[in-house]
Amino acid sequence: MKWLSWIWRLLLLSIGFAVGFTPPTWWYLSKVIDQRFDLGRQPEPSRVYARPLELYPGLALSPATLETELSAARYRVDPTAALPGSYSLSGSRALIHTRAFRFDDGEESAQRLELRFAGGKVSQLTDAAGAQVALKRLDPALIGTLFLNDPNERRPLPLTEMPALLVAGIQAVEDRDFNHHYGIDPWAIARATLANLRAGQMVQGGSTLTQQLVKNTLLTPERSLSRKLKEAGLSIVIEARFSKGEILQAYLNRVYLGQLGARPVQGFGAAAEFYFGRDLDQLQLSEVALLIGLVKGPSLYDPRRRPQRAMQRRNLVLRQFAETGLIDQAMLLSAQAQPLNVAPRPSAARERHPAFVDLVRAHLAEQYSAELLAEQGLSVLTTLDPT
């Protein structure tokens, strides 16, 4: 309605006056954004991998050694090996669902395999249809990450490569009016205030995705009126200078979603690897919902330490998906019935084989700068046996 739009603009103008929107203020806020808010390619550390295990009939390999290899690569036990990154072992039979991995000679796709052992060797290797497989490379174990001054775990992705469900889902849960506001949403603030007053406690926030992005990247965590006003001002300037797509991409790549030792896990790409050992585009509906639920509190809803709380939060997110028409009732019930499916927690140590990784780093330094290795997201394959 036209009158609602005018009321919104009046509220926005009032907030602008409260922040002190004069040309010098706008210039100052723009300067802060220019210095500390780069929407270009995010730095991504390069990763060092062990040698990939090649499976083929006749390979000398025992079930115990295979399990050690899979454990090093953070595969999880699943009786049916239904999802990539899972396996099961029973006597002389193994099921493995490999993950996709890009090698220097091309991409190896995810594949469900059955192995048979006899006489200390792989006697048979077949795919899900029962066809013989001559050779299969498993995705290798990660043994080290090459950081420089920024130890954040990141796997940034362009918005076009992010799952459509994630892009729509984060808006459904965190900011349903994202495409219509100008950085702040007075109606969301009013709704949150009313909900919190009714509950007698903080149960709902009114921050937009843009405000959350500003809070996480440009401001300190202090709680004060001046910080909130600055947050509002920066959000309005960012909305004026960048497209909705650019803002959403920056948010999805930078939001804090967990902690690996002293290293923050930033963005949904890194979180998919951290919690599920898979790429973001390989996640199931229930897993995407779990990650979106973590935005509200990665520690509070940690699926490894607080699985019941994490499942409750995930199921709430799934209900919000259904409320906004992203999924139907059958999909809702099916996803809510799924287990959490989290992978084993990766080691908090920066390198699992520090002496070897240092040797690799020294060798790479002869051809590449430290900045390139720490920021370009290279995959470095080595000959190390991870077992």
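Each reported figure results from applying straightforward, stated rules to the coordinates on display, with no laboratory input. Worth saying up front: this structure is predicted, and the values here are computed from it rather than measured. Ideal geometry is used to build each Cβ from the backbone, glycine not excepted, and the neighbour counts take in all protein chains shown.
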Look through the stretch 85-115, keep the residues that are within 27 Å of the chain's Cα centre (by Cα) and touching a residue at least 60 places away in the same chain (Cβ under 8 Å), and return whichever of them is farthest from ALA272 (Cα to Cα).
-> ASP104
From the list ALA110, ALA168, ALA81, ALA134, pick out the single residue that is on the phi > 0 side of the Ramachandran plot and either touching a strand residue (DSSP E or B) at 6+ places or on another chain (Cβ under 9 Å) or not in a loop (DSSP other than H, G, I, E, B) (or both).
-> ALA81
Unmet criterion (only one of (1) under 25 Å from ALA271 (Cβ atoms); (2) hydrophobic (A, V, I, L, M, F, W, C); (3) not in a loop (DSSP other than H, G, I, E, B)) for PHE356 = (1)
What's the number of the condition LEU373 fails, among (1) under 30 Å from VAL173 (Cα atoms); (2) outside any loop (DSSP other than H, G, I, E, B); (3) in contact with a helix residue (DSSP H, G or I) (Cβ under 7 Å, 6 or more places away or on another chain)?
-> (1)
Among the candidates ALA322, ALA343, ALA330, which residue alone is surrounded by 15 or more Cβ atoms within 10 Å (Cβ to Cβ) and outside any loop (DSSP other than H, G, I, E, B)?
-> ALA322
What is the number of the single condition among (1) charged (D, E, K, R); (2) surrounded by fewer than 18 Cβ atoms within 10 Å (Cβ to Cβ); (3) in contact with a Pro (Cβ under 9 Å, 6 or more places away or on another chain) that ARG306 does not meet?
-> (3)
